[in-house]
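Worksheet: one structure, shown below.
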Amino acid sequence: MDLAGKRIVLGMTGGIACYKIAEFTRLLTKAGASVQVVMTQAATKFITPVTMQALSGHPVYTDQWDARIDNNMPHIDLSREVDAIVIAPCSADFMFKLAHGACDDLLSTLCVARPMTLPLLVAPAMNVEMWQNAATQRNAAQLRTDGIAILGPDAGEQACGEIGMGRMLEPEQLLEEVIASFHRKILAGKRVLLTAGPTFEPIDPVRGITNLSSGKMGYAIARAAREAGAEVTLVSGPTALTTPYGVHRINVQTAQQMHDVVLSHVDGQDVFVAVAAVADWRVKNASKQKLKKTGEHDIPHLEFEQNPDILASVAALPAKPYCVGFAAESENLLRYGEEKRQKKGVPLLVGNIGHQTFGKDENELVLFDDKGNKRLPRADKQDLARQLIAEIAARI
Ligand code: C5P
């Protein structure tokens, strides 16, 4: 669980986006977080504390003078022993209060009373004109200067019917931002290019040859790289997976297309991770029309030709990024892994221990570099992806 053991104060201020926080609370708790909701009076006009209590599983605080806290200092107690404060939705008025250190209700007071090291994240939600207003922009700039993270806002259709910047991020996006906030920005300012998934080589318009690959490992690495602060481009073969938040995805079908897209995007990349299960061969005599099954003994004769090796092509570039390859061998991984690393000419090669990892949520890896090999024991693919990103960051 991405937020296991994390304690989060979820502050809600007045705005129609409050209704989305019901879902956001559910996502936070499902991800393992313990959520303490604090609402301003304005927020309670949009959604009731009863709803938020039921979803968070904890009594909601709305009042500085709440007698349920023994010492009657909720602004102190609620901002201690927590891992982050998230204000969503954050109104223009509340941004003003944060920028000026106002303490005229429980939520603003506990933000001012929080320890300096406690992360504060705000998700603005307001009308486009309110967001663009010079005063709001001044306040946003001040919040950034003060080390407060501003999540979004997004552009789009607004509750008032106008269109533009000011929409709160969707609950799933907010969740990804909160998860990312707990990861060190070890790839800040870096650009990472990845391939993931299988390729599909047509035989005719309705048939083809592909590989067993769900894309899960590659997508998990793309997500981990973006959590670590990188700008991530994911070149993906056909998969059923959703694009990780904040990742730029380019869809391809064949190995040749994957090769061409990678080579046209490789300039200026710091890291290239080839996770895709690329078809080694393509059908040379692929048919433009569907092949017909005319008679019982009528079997098509396919001719094959070799696909380009994407990883080896990138590794051979004069100005190449730091290249990482993958290997899925059915036997002798320790020998073949190091041999493959040298053959491909890459500084780091990652072996899947056991080749039955396809489609699974868990994996076990062994890393090969010029110093030898190192195991990353069996774990969830997302955990392994984060460990791998740390290994890559340490090497570049
Ligand atoms: O050659 P093999 O398929 O065993 O090597 C696996 C590694 O090479 C993976 O990182 C894979 O993404 C990459 N590869 C590639 N282009 C190919 C074949 C493999 O980039 N045509």
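The values are calculated or read from the model by the stated rules, or taken from the named source; none is laboratory data. This is a predicted model, so every value here is computed, not measured. Every residue, glycine among them, receives a Cβ derived from its backbone with ideal geometry; neighbour counts consider all protein chains shown. Areas reflect the complete protein model, heavy atoms only, side chains present, ligands, DNA and RNA absent. Shrake-Rupley method; radii C 1.70, N 1.55, O 1.52, S 1.80 Å.
To the nearest ten degrees, helix 134-145 and the longest principal axis of the Cα atoms of the chain are 70 degrees apart. Considering only Ala319, Asn332, Leu367, and ranking their Cα positions along the charge dipole of the stretch 266-396 that arises from unit charges at the beta-carbon of Lys, Arg, Asp and Glu, the one farthest toward the positive end is Ala319.
Computed with a 1.4 Å probe on the full set of protein chains, the accessible area for Ile150 sits at about 30 Å².
Counting only heavy atoms of the protein chains, get the accessible area per residue of the chain (1.4 Å probe) and round it to a whole Å² value.
On the way: 19130 Å² over 396 residues.
About 48 Å² of surface per residue is accessible.
What share of Cα pairs, in percent, lie more than 27 angstrom apart in the chain? Walk me through the numbers before you get to the answer.
Values: 45170 of 78210 pairs.
Considering the chain, 58 percent of its Cα-Cα pairs are separated by more than 27 Å.
What separates the Cα centres of the stretch 202-222 and the stretch 164-191 is a distance of 28 Å. If you take all other residues with their beta carbon under 15 Å from the beta carbon of Gly57, and give Lys and Arg +1 and Asp and Glu -1, the sum is +4.
Could you please put Trp281, Trp131, Trp65 in sequence from largest to smallest accessible area, using a 1.4 Å probe?
On the way: Trp281 145, Trp131 20, Trp65 185 Å².
From most exposed to least exposed: Trp65, Trp281, Trp131.
Specify the residue with the greatest mean-square fluctuation among Leu118, Leu194, Leu28, computed from a Gaussian network of the chain linking alpha-carbon atoms under 10 Å apart. With Cα springs under 10 Å in the chain, the top fluctuation among Leu118, Leu194, Leu28 is at Leu118.
Stokes-Einstein diffusion coefficient for the stretch 248-291 at 25 °C in a medium of 0.890 mPa s, Rh from the Kirkwood formula over Cα pairs: what value in µm²/s? Intermediate values should be presented prior to the final figure.
Values: Rh = 12.7 Å.
This corresponds to a translational diffusion coefficient of 193 µm²/s.
The alpha-carbon of Lys340 sits under 17 angstrom from the alpha-carbons of these lysines, leaving out residues fewer than 8 places away in its chain: Lys371, Lys374.
Rolling a 1.4 Å probe over the protein heavy atoms of the chain, with every protein chain left in place, gives an accessible area that is 52 percent carbon and sulfur. Put simply, the amide H of Ile203, placed in the peptide plane, has neighbours under 5 Å in Gly208, Ile209, leaving out anything fewer than 5 places away on its chain. The long axis of helix 333-344 is offset from the longest Cα principal axis of the chain by roughly 80 degrees.
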